[in-house]
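Student: One structure follows; several queries about it will come next.
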Amino acid sequence: MLNYYISELKNWWNITIPAIINEENFLLIVGGLFLLGVVTKWAVVKNYGRLIRKAENINNTKNYTIRQIKTKYESIKQVNGQVENPMLFVKRSLNKCKIMHISANKINNIINWCSILIMGVAAILSFQLYKISPVKMDWVSYLVLGCFLGVALEMIGRMMQTDEKKTELSYVLVDVLVNGVHKRHVRERESFIELVPESEKREQVMYHENVNGQAEAIVQNQRTEEEQEEEVLNQVIGEFLQ
């Protein structure tokens, strides 16, 4: 019985696979898989970048994922008084994040499967060509091309830095949930000021001192002029009353 199913599987393989994976369809299949991997990875990166922007304005956002994380965090905090590990809570919540009703983690891994499938398709076609004509070196060309595209797709996936975006989103969410949006903006301004070199800080201080000094001088002159005008006016009124 087992031998029968094995023989049937071999027959199906020998008939179906060559009809699908051949020299005519190779570039179409490989190109489609390559494009699918790049597009899905790009979609995940854009989604995390959009969530970072939404998280920075968490009090007014309408994003379902951010609102759900905020609501769960506030519910746990209200019941227990505090959240023991906010980072763990945020990471677990982000693991449930979805894009078009599909898990973002699964979409993020599509590029890895595409890379493996590209090399697999190249290997199958190369094996078929090798069985037909071992002397010709066409099978080597397809094998090298498939391996190159698979490795290139893997490198593109690493360059897109999805994990870094997800980590940044986690820290932003923890910051705004624990400390609030206002304190985050204050810290950002303070950290920006700390990045300014001392020479520029001194120049800014001197500039503000000069501006303040000029403003004080103008105000003093205006007061002096007003006092002089008032004195002249008093003299005129006194002479008129006399």
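Student: I'd like to know if the range 79-95 contains one or more residues that are among the acidic types (D, E), at pLDDT 85 or above and open to solvent by 30 Å² or more (accessible area, probe 1.4 Å).
Tutor: no
Student: Going through the range 54-97 one residue at a time, which ones are among the basic types (K, R) and under 18 Å from G180 (Cα atoms)?
Tutor: K54, K62, R67, K70, K72, K77
Student: Any chance you could count how many residues in the range 26-65 are open to solvent by less than 50 Å² (accessible area, probe 1.4 Å), part of a helix (DSSP H, G or I) and without any contact (Cβ under 8 Å) to a residue 12 or more places away in the chain?
Tutor: So the answer is 2.
Student: Next up: Evaluate the following for K98: is it open to solvent by 80 Å² or more (accessible area, probe 1.4 Å) and either without any contact (Cβ under 8 Å) to a residue 24 or more places away in the chain or more than 17 Å from Y142 (Cα to Cα) (or both)?
Tutor: So K98 passes the test.
Student: Pick out the one residue from I118, I111 that is at pLDDT 90 or above, among the aliphatic types (A, V, I, L, M), touching a Ser or Thr at 6+ places or on another chain (Cβ under 8 Å) and open to solvent by less than 20 Å² (accessible area, probe 1.4 Å).
Tutor: From the options I118, I111, the qualifying one is I111.
Student: Would you check which residues across the range 66-85 are free of Cβ contacts under 8 Å to residues at least 40 places away in the same chain and part of a helix (DSSP H, G or I) and list them?
Tutor: R67, Q68, T71, K72, E74, S75, I76, K77, Q78, V79, N80
Student: Which pairs have Cβ atoms under 9 Å, sit 6 or more apart or on different chains, and link a residue in the range 159-187 that is of a type in the set (D, E) to one that is buried (at least 20 other Cβ atoms within 10 Å of the Cβ) and at pLDDT below 85?
Tutor: Note: no pairs meet the criteria.
Student: Also: Would you confirm whether or not the range 129-140 contains a residue that is closer than 18 Å to L28 by Cβ, open to solvent by less than 100 Å² (accessible area, probe 1.4 Å) and in a helix (DSSP H, G or I)?
Tutor: Scanning the range 129-140, I find at least one residue that is closer than 18 Å to L28 by Cβ, open to solvent by less than 100 Å² (accessible area, probe 1.4 Å) and in a helix (DSSP H, G or I), so the answer is yes.
The values are calculated or read from the model by the stated rules, or taken from the named source; none is laboratory data. Note that the coordinates shown come from a computational prediction; the quantities given were computed from them, not determined experimentally. Virtual Cβ from ideal backbone geometry, glycine too; neighbours counted across all protein chains shown. Just the protein is used for accessible areas: all its heavy atoms, side chains included, with ligands, DNA and RNA removed. Shrake-Rupley method; radii C 1.70, N 1.55, O 1.52, S 1.80 Å.
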